[in-house]
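Asks: Let me begin by handing over the structure; questions about it come next.
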Amino acid sequence: MSYYFNTTLKNTSFEDALEKVTAELKKEGFGVLTEIDVKETLKKKIDVEFKKYKILGACNPHFAHKALTKEDKIGVLLPCNVVVEENDNGEIEVSAVDPIASMQAAENEDLRGIATEVQEKMKKIIANLK
C-alpha cells in the first residue's frame, strides 16, 4: 500500500503551486497549521543546499476532533502532511499523506471510517490541482 497520493504540476511556479494547494485544502475544510521550509531549515541548520521543498501541516478540525475522541494518542499522526517540492526538471510535485495508511498503525477500527473520509478529501485535493 502506498502511503501518499501525488501529482505533478507543469508550467506552474513553486509559489503558485503553494497558493493552489492552500486554496484546494480550504475548499475541503482544511487549514494549514504549520509550514516547514525544508530548504531554508537545512541551509540554516547544517549548511546544505536543497531544492524548494515545503511541508504543509493540514488540519480539518471536524475530522481531527472525531479522530481524537476515538483514539486520544492519534495526535502523533496529525496533522495531515502535504508536500510541495520543485523537482530537478522544474516541475512541481505535490504529495499528500494517505490517512488510511498512516492510521493503520493505531489498530483502532473506530478510525477506519474517519480515515476513509479524509482519504477521499485528500484524493480530491490532489486531483483538483491538475
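What follows is calculated from the coordinates using simple rules that are stated; it is not laboratory data. Note that this is a predicted model, so its numbers are computed, not measured. Backbone-built Cβ (ideal geometry, glycine too); neighbour counts: all protein chains shown.
Asks: So which of Lys70/Lys121; Lys43/Lys121; Lys66/Lys123; Lys51/Lys124; Lys10/Lys54; Lys20/Lys70 end up more than 29 Å apart by C-alpha?
Replies: Exceeds cut-off: Lys43/Lys121; Lys20/Lys70.
Asks: Go through 13-19, 74-80 and give me the packing order, highest mean Cβ count within 10 Å leading.
Replies: Taking the mean over residues of other Cβ atoms within 10 Å, the ranking is 74-80, 13-19.
Asks: Would you please name the GluC sites (Glu not before Pro) within the stretch 26-101 that are DSSP coil residues with at most 13 other C-beta atoms within 10 Å of their C-beta?
Replies: Qualifying residues, ordered by number: Glu49.
Asks: ³J(HN,Hα) across the stretch 12-22 via Karplus (A = 6.51, B = -1.76, C = 1.60, θ = phi - 60°), whole Hz, x for Gly/Pro?
Replies: 9, 6, 4, 5, 5, 5, 4, 5, 5, 4, 4
Asks: Report ³J(HN,Hα) in whole Hz for each residue of the stretch 108-116, in order, from the Karplus equation J = 6.51 cos²θ - 1.76 cosθ + 1.60 where θ = phi - 60°; Gly and Pro get x.
Replies: 3J(HN,Hα) across the stretch 108-116, in whole Hz: 10, 4, 5, 8, 4, x, 5, 4, 5.
Asks: Arranged from highest to lowest average of other beta-carbon atoms within 10 Å per residue, in what order do the peptides 54-67, 101-114 appear?
Replies: 54-67, 101-114
Asks: Okay, next question. Give me the log10 of I(q) over I(0) for the chain at q = 0.09, 0.12, 0.18, 0.21 Å⁻¹, as the Debye formula computes it from C-alpha points; what are the numbers?
Replies: Log10 I(q)/I(0), no solvent term: -0.27, -0.47, -0.97, -1.20.
Asks: Per residue, what volume in Å³ does the Cα convex hull of the stretch 61-130 take up?
Replies: Cα-based convex hull of the stretch 61-130, divided per residue, equals 90 Å³.
Asks: Another question about this same structure. Each residue of the stretch 61-70 in turn: what ³J(HN,Hα) in whole Hz from Karplus with 6.51, -1.76, 1.60 and θ = phi - 60°, glycine and Pro shown as x?
Replies: Whole-Hz 3J(HN,Hα) from phi for the stretch 61-70: x, 4, 6, 4, 4, 4, 5, 5, 6, 8.
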